[in-house]
1. Quote the relative contact order of the stretch A:84-153 in percent (integer), defining contacts as alpha-carbon pairs under 8 Å separated by 6+ residues.
2. For chain A, what ratio Rg/Rh do Cα atoms give with a Kirkwood hydrodynamic radius?
3. Cα atoms only, the stretch B:4-63: Rg and Dmax in Å?
4. Mind giving me the FRET efficiency for residue B:52 and residue B:154? R0 is 51 Å, r the Cβ-Cβ distance, nearest 0.05 is fine.
5. I need the fraction of alpha carbon pairs in the stretch A:84-153 separated by more than 13 Å, rounded to a whole percent.
6. How many Cβ atoms of partner chains, on average, are near each residue of A:71-78 if near means within 10 Å of its Cβ?
7. Roughly how many nanometres apart are two label points built 7 Å out from the Cα toward the Cβ at residue B:188 and residue A:70?
8. So what's the convex hull volume per residue for the Cα atoms of the stretch B:208-319, in Å³?
C-alpha cells in the first residue's frame, strides 16, 4: 500500500503540491487527472523518489520512500516518465533487459532471460526485439519502455502520461495491458492521464487534482460526475453512459 | 564496412608487424633471425615502445570518447571537444612552473586534477544551457577549450615556457623511447574498469531518472566515468601529446554498426581506435620518408574529414 501523508513541494514560494494526502489501494489502477499545472506529475515523481519533497511522508508498505535503499526500492517500485525522446541506439531487447538490472546488476541469469522473453511477449514485441529503438515509431518505443517496466517486475508501477504522442489504437492497447497487469498479476498501477475518458474507462480509482491540491478522490464513478469535473477543469462537461462506460463530452 | 573482430584483430597484427619494420634504421623481415646488436637495440628501445604506446593511446582515447558521449548523451562530446585535453595541458604547465622536480606521476596527477575540473565545468555548462541543436555542444566545448588553451599560452609566454608547451600541443610518437612511455600502462586497468562498468554507463546514459528507477547510483557512475576519462587523457597527453578527434570519430563509427550498448561497443571501439591510430602513425612515417609527419596532423586531417561527414550525415538524417 502507498500512503501519502500531507506532502508539499514548493518551487520558490508557490506550492506545486499542497498538503496532499491519500492512500493508494493495492492491485488496482489509480489515475491522477487534472488540468495542466495541477501537480500530477510532480506528485508521481515524489512518490517514486525522483524528486525530494519539502514536507510530509510517502510510505510504501510502511517504509518512508526517501529513506529506503535505492536498490531495494527498484525491485518494488518502477517509474516511467513521459516521452523518453533520447535517440539512443539500443535494441528493444537490450532496453527490456535493463529491467532486470536491479536483480542481476547486468549479469543476466536464465530466470532474467525468461522474464525478458515474457515481457517482450506480453507487449507483442517479438518481431522487433532486435531492432534499434531509433528505428521504431513512437508507439512501438513506448511499448518497449513498458515492456522494460514489466521485466522489472515490481509490485508498484508508476507511469507518467504513458499515452503521450500515441494514436488511438496504441493508447487503447497500452491501457488494456495495464488493466491485465492489475487484474492478472495483481500489480498496483498509478498513472497520470491527460484524457479524462481513458481514466474513466480503465481506472478503478481517480484522484482529481488542481493547483496542487486534491479536489476529490474515490472510485471512478464518484469522480466522473458533472459537478466534480466542473470544479477540476472549470468546464461544463456532459457525461453519457455508452456500453457501460461513462464518457465525458468536453468538445463543445 | 562492418566492424568485426575477425577483421580487426588480423589488421591490428599486420599493422603492428609493419610498424616494427618501418623506420630510418633499415630492418627487413629476413633480418629477424640474425639481428645485429644495433637492430636489437632499435627494436627494444624504440620500435616496440612506440608500438605499445600507440596501441594504448588509441584504445584509451577512443574508450574515453565513448564514455563521454554516453554520459553526456551527445554524440559530439569527446576529450577534444569538451575542453578535457586543453585543461590537462594547463595542468602540465602548472606542474612545470610550481613543481620543477615533479616526477611524471606527479605531473600526471596535476594534469588529472585540471582535466577533471575542466570537464566538470563543461558538463555544468551543458546542464545550465539547454541547446536545441546538439551541434552547438562541440562548438561550445571547442570555444571553452580554446579559452583554457589561451590562458595556458599566456602563462607560458609570460614564463618563457612556450617551447616546452608546444611538445604537448601536437601528438607525436617519434619521441617515445623505453623509459618514457610506461605511464601509459595506467590506462590498461582503467579500460578494464570501463568494461566492468559498461552496463552501468549505458544505463546512466539513459538519463538520471531512468537510472534511479533501476536502483543505479547515478552520480557515482557518472563521476567514475569522468575520472576514468580525465586520467586516460592526462597520461596520453603527457606521453604522446594531443591527439585530436580520435575520441570523437571512433565511437561514432562503432555506434553506427554496433549500437550504443557499451558491453557490445566498447571492445570494438578500443580495437578500432588502436587500428586507426596505428595506421595514421604508419602513414605519417612513410609519407615523407625518412622524415615524419606528426601523428597529430595525420589524425587531425583524416579525423576532421570524418567529423564533417558525421555532422552532415546527421543533419541529412534530421531533415
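What follows draws every value from the coordinates through simple rules; no lab data is involved. Model, not experiment: these values are computed from the prediction. Cβ sites come from the backbone with ideal geometry, for glycine too, and all protein chains shown count toward neighbours.
1. On the way: 81 pairs, mean separation 35.7, N = 70.
Normalised by residue count, the contact order of the stretch A:84-153 is 51 percent.
2. On the way: Rg = 18.3 Å, Rh = 18.8 Å.
Checking Rg against Rh, the ratio lands at 0.97.
3. 13.2, 39
4. The value I calculate is 0.90.
5. Taking all Cα-Cα pairs of the stretch A:84-153, the fraction more than 13 Å apart is 57 percent.
6. Details: counts 4, 1, 3, 6, 2, 1, 1, 3.
The mean count of partner-chain Cβ atoms within 10 Å per residue comes to 3.
7. For residue B:188 paired with residue A:70, the spin-label model returns 3.3 nm.
8. It is 123 Å³ per residue.
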